[in-house]
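> Let me give you the structure first, and then I'll get to my questions.
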Amino acid sequence: MITEATPRPAAPHRLRLRLRLRLRLRPALCWLAVAPGVAWVAVRLPGLERGPLVQLLAFTPYVAAWSLVPLVLALALRQRRPAVVAAVTALALVAVVAPRALASAPPAATGPTVRLLTANLLAGAADARTLVDLVRTHRVDVLAVQEFTPDAQARMDRLGLDRLLGTASSTRSRARPAPGSTPASPSATSASGGTAAPGASPRRTAR
């Protein structure tokens with residue numbers, strides 16, 4: 001005699017446990033998605049970035065775009081509080097990034113014109129000829145470089161950069177180094193200094 005066994009329905013308490021677990025996981029998942037954006041805003045808005053965080057926060061535009069994901073997730077799971085926090089976070093990040101895309105008129109300025117060029121040499125791998133040509137074509141007065149190496153310095157000097165800018169501080173004579181300037185050496189991790197253009201007060205910089 002063959003009988004067909006029918007599956008026994010799950011016990012009511014197991015169903016309740018599963019439902020309770022899902023209800024607890026939803027807000028936890030939403031808060032977990034919202035937390036990175038909140039931490040980013042907490043550092044970016046007050047200007048608390050220091051050390052490696054300065055470079056990390058250069059990715060703020062990408063974080064602003066990603067901040068919409070936690071908002072959509074919280075709305076889809078009907079989690080009101082995480083949705084509110086995610087919306088505020090997204091608005092704060094968009095407010096920080098939006099001015100980059102909106103053109104604004106520069107403030108009125110008087111005095112001599114100083115042309116500044118900055119370039120990241122990618123640990124000396126950048127094209128030295130292109131950089132020297134830019135300095136020559138645009139009559140650059142001050143050149144600031146990052147990831148500077150001795151080899152890059154030698155290649156640029158062979159191409160005439162030292163003759164174009166005059167000194168190792170990479171400035172033309174009419175925008176001479178200000179008193180107290182410390183020219184950056186290829187092995188330096190940081191440098192400070194400034195320029196003093198005729199008819200203008202000295203301007204100091206540090207990095």
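The values are calculated or read from the model by the stated rules, or taken from the named source; none is laboratory data. All of these numbers come straight from a predicted model, not from anything done at the bench. In this analysis, Cβ positions are derived from the backbone assuming ideal geometry, glycine residues included, and neighbour counts consider all displayed protein chains.
> Do we have any residue at all in region 77-85 that's farther than 30 Å from C30 by Cα, surrounded by fewer than 14 Cβ atoms within 10 Å (Cβ to Cβ) and of a type in the set (A, V, I, L, M, F, W, C)?
no
> Scan region 88-96 and give yes if some residue there is small (G, A, S), more than 30 Å from G47 (Cα to Cα) and crowded, with 19+ Cβ neighbours inside 10 Å, otherwise no.
Looking through region 88-96, none of the residues is small (G, A, S), more than 30 Å from G47 (Cα to Cα) and crowded, with 19+ Cβ neighbours inside 10 Å.
> Could you tell me whether any residue of region 113-125 is over 25 Å from the mean Cα position of the chain (by Cα), surrounded by 11 or more Cβ atoms within 10 Å (Cβ to Cβ) and not β-branched (V, I, T)?
no
> Residues V54, V69, V63: which one is surrounded by fewer than 17 Cβ atoms within 10 Å (Cβ to Cβ), in the same structural domain as R26 (by TED's automatic domain parsing) and within 25 Å of C30 (Cβ to Cβ)?
Within the list V54, V69, V63, the selection yields V69.
> Quick one: would you say A65 is in contact with a Leu (Cβ under 9 Å, 6 or more places away or on another chain) and farther than 14 Å from V38 by Cβ?
So A65 passes the test.
> Within the set of pairs 6+ apart or on separate chains, which have a first residue in region 30-49 that is more than 16 Å from V94 (Cα to Cα), a second that is part of a loop (DSSP other than H, G, I, E, B), and C-beta atoms under 7 Å apart?
From region 30-49, the pairs are C30/L77; C30/Q79.
> Name, by its number, the condition in (1) surrounded by 11 or more Cβ atoms within 10 Å (Cβ to Cβ); (2) in the same structural domain as M156 (by TED's automatic domain parsing) that does not hold for H138.
So H138 meets the others, but not (1).
> If you don't mind, another one. Filtering region 42-51 down to residues that are of a type outside the set (D, E, K, R) and farther than 16 Å from W31 by Cβ, which residue is surrounded by the most Cβ atoms within 10 Å (Cβ to Cβ)?
That would be V43.
> Same structure again: Going through region 76-101 one residue at a time, which ones are farther than 18 Å from P36 by Cβ and more than 18 Å from the chain's Cα centre (by Cα)?
Across region 76-101, the qualifying residues are A76, R78, R80.
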